[in-house]
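*Asks:* Below you will find the structure I want to go over with you.
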Amino acid sequence: MTNYINIQNQDYTFIGNGSQITGKFHFKGHTRVAGHIEGEITMIDDHDLSIESSGQFEGTINCHNIDIYGVFNGKINATGKISIYPSALVQGEIKGRSLKILPGSRVDMSGHTLEKSANPL
């Protein structure tokens, strides 16, 4: 018996290692970036966004939560938490409700956390 994946019920995005895309993107569901993106990402729901250790992003991100393991250069507007891990290189402007920078991360940023009533977007 053959089992087919019902792609209509899948709710995630994965940009693979070695992929390069440029533009304005609106993602829904858990999103993982292992390739290189230039432009703007807007998460249209509260699912997490992750820039993997092989991932690179240049531009603006509007999201809820974001985990950064790779390279980020630009601006982040997060309504939730921003976590920066030891393999990360982060440069730019960061705004979010919560900011966690782990030891070993390379960070050159201006940023601040927001009150619950503030709207960063």
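The values are calculated or read from the model by the stated rules, or taken from the named source; none is laboratory data. None of these values were measured; they are calculated from a predicted model. All Cβ positions, even for glycine, are placed from backbone atoms using ideal geometry, and neighbour counts span all protein chains on display. Ligands, DNA and RNA are stripped out before the accessible areas are found, and what is left, the full protein with its side chains, is counted by its heavy atoms. Shrake-Rupley method; radii C 1.70, N 1.55, O 1.52, S 1.80 Å.
*Asks:* Send over the per residue convex hull volume for the range 1-119, Cα only, as a whole number of Å³.
*Replies:* 118
*Asks:* How big is the dipole moment of the chain about its Cα centre under a simple scheme where the beta carbon of each Lys and Arg is +1, that of each Asp and Glu is -1, and everything else is neutral? Debye, nearest 20, please.
*Replies:* Using Cβ point charges on Lys, Arg, Asp and Glu, the chain gives about 200 debye.
*Asks:* Extension gain Glu115-Gln10, at 0.36 nm per residue separation less the Cα-Cα distance, in nm?
*Replies:* 34.4 nm
*Asks:* Principal axis lengths of the range 52-121 from Cα atoms, whole Å, largest first?
*Replies:* 34, 24, 18
*Asks:* Can you tell me the relative contact order of the chain? Whole percent, Cα pairs under 8 Å, sequence separation 6 or more.
*Replies:* Normalised by residue count, the contact order of the chain is 15 percent.
*Asks:* Find the accessible area per residue for the chain; the probe is 1.4 Å, ligands and nucleic acids are left out, and the unit is Å².
*Replies:* 58
*Asks:* At 1.4 Å probe size, with the rest of the protein present, what percent of the exposed accessible area of the chain is carbon and sulfur atoms?
*Replies:* 47
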